[in-house]
C-alpha cells in the first residue's frame with residue numbers, strides 16, 4: 001500500500017527515523033553504562049516494545065496496570081510500572097502480571113506500599129518497589145533527604161516487596177537552555193542529598209532511575225543514575241525539538257490530513273482537530289500553535305475544534321486546494337498516538353507496517 | 001454493580017440527569033416547532049442515539065463517515081453528516097451508508113460537491129446536501145449573501161444530489177452574556193441576508209439548520225431556523241455551565257478518580273490527566289483549570305500530565321488521603337468521552353448501564 005492510498009487523518013511513523021532514534025538512545029545508554037528501560041506510554045504497541053528490547057533495552061516501562069497487561073505481549077521479562085497502584089481491583093490484576101514477569105512498581109507512600117505488600121504476600125509473589133523522590137516537578141515523590149530515607153527503610157521491611165532503589169522524574173525541565181541546565185544541576189544536588197541520606201541509614205540502592213526525553217542525553221551527569229526511562233524519544237515531537245533534544249529531521253511521526261475547506265481567505269481547514277492531535281499546547285509557553293506543517297513551516301496551525309484544524313496559510317508561497325494533503329508534526333506525540341486506533345509505519349511513499357495501538361485507552 | 005466497585009478512572013453518566021437534559025431539549029424543540037437532530041459526536045454510542053430518536057429526534061447528526069457507520073446501529077433512518085466529505089475512499093463508504101439511510105451532507109464548496117455528485121450518480125443513490133454558511137466562527141461556510149446563493153444554485157443543478165437547505169453553526173458564541181446576545185443578533189441578521197439572497201435567485205430552502213449547545217434554547221430567535229443539532233446538551237459540562245445554558249445540577253457526566261499521592265502538602269494527585277479528561281482548556285479564557293471537583297468546588301484542578309491530575313486542596317475543609325475517590329465534571333465532555341473505551345450509566349450508587357463508546361477514534 002502507498003501512503004497516497006491511506007485515508008485521512010492518519011498517523012504515520014517514518015520507520016527509518018524511528019530506528020535511528022531508537023539506536024541513538026541505545027548507543028548513548030551503552031556508552032555511559034546506563035540501563036535503558038523505554039516508557040511505552042508513547043507508542044502503546046507491543047511490537048515496538050519488542051523492537052526496543054531487541055536493541056538492548058533492559059526492560060520496559062508502563063504507566064497503568066492495563067498498559068502492563070498489553071506490554072506483556074512484547075515478550076520482555078522485566079516491567080516497571082512507574083505509577084502508584086491503588087485499589088483492590090488493580091492489585092488483583094497486578095498480581096497476575098507479576099506472575100508472568102519480573103515487576104517493579106514506583107510509589108511514594110506507605111499508603112500505597114502496604115496494600116501492595118499484603119497482596120504480594122497473600123499471592124506468594126515478589127514485587128520490586130522503587131521509592132519515588134521529587135526533584136522539582138512537584139507531582140509525586142517525597143523530598144530527597146530524611147523523608148526518602150524513612151520511606152526506603154520502611155519499604156525494606158515490608159514482606160512480599162523487594163526494595164530496588166530510587167526513581168525520580170525531571171519532567172519540570174522542558175528545555176536545555178541556561179535555566180534548564182541550572183535545574184539539572186539542582187537535580188544533581190538532590191541526587192547527592194539522596195545518596196547521603198540513604199547511606200546514613202545504611203541503604204545502597206541497586207537502581208537509581210532518571211529519564212525524560214528532554215534531558216535524556218544528559219542523564220550521565222546526574223550522580224548515581226544507572227537506569228533511564230525516556231518515552232517520547234522513539235518518535236520525538238514539536239515539544240522535543242523546542243526542548244533542544246533533537247532536530248525536526250528526528251521527528252518520526254507526522255499526521256496526514258486533508259484540506260476540506262478553503263472558504264475563508266488565507267486559511268484552510270484540515271480534517272483533524274483535538275480528537276486527532278489532542279489539544280495539548282506546547283510546554284514552551286512562548287511558542288504556540290498545535291503542530292508544524294512539514295512542507296510549509298510558515299503555515300500556522302493556530303486553532304482547532306474536535307474535527308477541524310484551522311491553518312493560516314497567508315504567508316505560504318504554496319496555494320492549497322480542497323483535497324490537498326498536509327502532514328503535520330504534533331505538539332505532543334504521546335497523547336496523539338493514544339487517539340488513533342491504528343498507526344502506519346512508512347518508508348518513503350510506501351506503507352510497510354500497520355500497528356493497532358493496543359494500549360490505547362487503557363486508563364486503569 | 002455499585003459505583004464503589006468500579007475501578008478508576010471511570011466516566012460516569014447520571015441517568016436521571018441525562019434523561020432530564022434530553023427531555024428538556026425535546027420539549028423546547030417541540031414547543032417552537034423545531035426539528036431536533038442531536039449531534040452524536042458527544043456520546044458516540046448507538047444506544048444513546050436510539051434514546052434521542054425515541055424522544056422525538058427527527059434524525060441524528062455525525063461528524064465523520066466512520067461515525068455514520070456506527071450510528072446506523074441506532075436504527076434511525078435519517079442521518080446528517082455535518083462535515084465536508086473529501087476523498088475517493090470516504091465517498092465509497094459514504095455511498096454504502098446512503099444505501100441504508102436517508103443521508104444529508106453539509107458542505108461549502110463545489111470542490112466537495114462535484115465528486116459527491118459523481119459518486120451518488122454512479123451508484124444510483126440520492127444524497128441530500130446543505131450549503132454551509134459562516135455566521136461568525138470563521139471555520140467552514142461561505143458568506144450568507146451572494147456567495148451562498150451562488151453555491152445553492154449550483155448545488156441544485158448537480159445530479160445525484162438533492163439540495164435540502166442551509167446549515168450554519170454559531171460556535172463562536174460561547175456565552176449568553178451581553179456580547180453573546182449581540183453576536184446572536186448578528187446571526188439573526190445573517191439569516192435575513194441569507195433569506196433575501198436566496199429568494200432573489202428563487203430558492204426557498206426546506207431546512208435551515210442552526211444549533212450548538214450554548215445557544216440551544218435561543219434557536220427560535222433566529223429567523224427561518226427549523227432544525228437544530230446540539231450535541232453537548234445530553235451531558236453538559238463545565239463549558240456549558242459557564243456559558244449560562246445550564247446549571248451544575250444539569251451536568252450528567254462526572255469522571256471518577258482516585259487519589260494516588262498526597263506527597264506534596266496542599267495538593268493531591270489523582271489517577272487521571274490528559275489521557276482521561278483531554279487537555280481541553282475552557283472556552284472561557286477568564287476561567288481556568290481542567291474540571292470542577294463535585295464534592296469540593298473549592299479544590300483547584302490546576303494542572304495535568306498524561307496520567308496525573310494535580311489538584312490543589314489547601315482551601316478545602318475536607319482532607320484527602322490516598323485511596324479517596326474524587327468526582328470531577330470535565331471542561332469538555334465530547335473529547336473526554338472519546339478517550340474512554342466504556343462509560344457507565346449510574347443511578348445513585350448503582351451502575352445500571354455499561355456502554356462501549358463504539359464511535360471512539362472513528363477519525364475517518
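We did not get these values from a lab; they are worked out from the coordinates using the rules stated. Just so it is clear, the model here is predicted, and its values are computed rather than measured. Ideal geometry is used to build each Cβ from the backbone, glycine not excepted, and the neighbour counts take in all protein chains shown.
Note on A:3, B:142, B:135: ascending count of other Cβ atoms within 10 Å places them as A:3, B:142, B:135, the fewest first. Within segment A:131-285, antiparallel bridges make up roughly 20 percent of the DSSP beta bridges whose residues both belong there.
The label point for residue A:177 and the one for residue B:153, both projected 7 Å from the Cα toward the Cβ, are 5.6 nm apart. Roughly speaking, what is the centre-to-centre gap between segment B:263-283 and segment B:313-350 when only Cα atoms are used, to the nearest Å? Cα centroid of segment B:263-283 versus Cα centroid of segment B:313-350: 11 Å apart.
Fewest first, what order do B:308, A:220 take by the number of other Cβ atoms within 10 Å? It would help to have the intermediate numbers written out before the result.
Values: B:308 23, A:220 16.
Listing B:308, A:220 from fewest to most nearby Cβ atoms yields A:220, B:308.
Nearest 5 percent is fine: what portion of the DSSP beta bridges confined to the protein assembly as shown is antiparallel? Given both bridge residues lie in the protein assembly as shown, the antiparallel proportion sits at roughly 50 percent. Distances between every pair of Cα atoms in segment A:212-364, grouped in 10 Å steps from 0 to the bin holding the largest one, split as 10, 37, 35, 14, 4, 1 percent.
Computed across chain A, the Kirkwood hydrodynamic radius from all distinct Cα-Cα pairs reaches 21.5 Å.
Compute the relative contact order of chain A as a whole-number percentage, counting only Cα pairs closer than 8 Å that sit 6 or more residues apart in sequence. Walk me through the numbers before you get to the answer.
Values: 819 pairs, mean separation 74.0, N = 364.
Relative contact order of chain A: 20 percent.
Ordered by the count of other Cβ atoms within 10 Å of each Cβ, fewest first, B:320, A:168, B:350 give B:350, B:320, A:168.
Do you know the relative contact order of segment A:43-198, to the nearest whole percent, from alpha carbon pairs under 8 angstrom that are 6+ apart? Relative contact order for segment A:43-198 comes out at 17 percent.
Distances between copies of residue B:350, taken at a point 7 Å out from Cα along the Cα→Cβ vector and listed shortest first: 6.0 nm. Residue-level result for chain B: its Cβ closest to the axis carrying B onto A, with that distance in Å, is B:279, 3.
Label-to-label distances for residue A:199 across copies, nearest first, come out at 9.0 nm, using points 7 Å from Cα in the beta-carbon direction.
With a Förster radius of 30 Å, plug the Cβ-Cβ distance of residue A:102 and residue B:96 into 1/(1 + (r/R0)^6) and report the FRET value to the nearest 0.05. Between residue A:102 and residue B:96 the formula returns 0.05.
How would you classify segment A:286-351 from its alpha-carbon gyration tensor, with a ≥ b ≥ c the square roots of the eigenvalues: rounded for a/c under 1.5, else prolate if a/b is greater than b/c, otherwise oblate?
Working: a/c = 1.76, a/b = 1.23, b/c = 1.42.
Taking the square roots of the gyration eigenvalues as a ≥ b ≥ c, segment A:286-351 is oblate.
Between copies, the label points at residue B:30 (set 7 angstrom from Cα along Cα-to-Cβ) are spaced 7.2 nm, reported in nanometres from shortest to longest.
Please compute the average number of Cβ atoms from other chains found within 10 Å of each residue's Cβ in peptide A:320-327. Provide the component values of the computation, followed by the final result.
Numbers: counts 0, 2, 9, 6, 1, 1, 0, 0.
Shielding by partners across A:320-327 averages 2.
Per residue, the convex hull around the alpha carbon atoms of segment A:61-103 comes to 54 Å³. Geometric descriptor of segment A:48-144, per residue, is 104 Å³ (volume of the convex hull of the Cα atoms). DSSP finds beta bridges in chain B, and of those with both partners inside it, around 50 percent are antiparallel. Distance between the C-alpha centres of segment B:55-99 and segment A:31-47: 41 Å, rounded to the whole angstrom. Taking every C-alpha pair closer than 8 Å and separated by at least 6 residues, the mean separation divided by the residue count of segment B:23-75 gives a relative contact order of 39 percent. Angle of helix B:88-100 to the longest C-alpha principal axis of chain B, folded into 0 to 90 degrees and rounded to 10: 90°.
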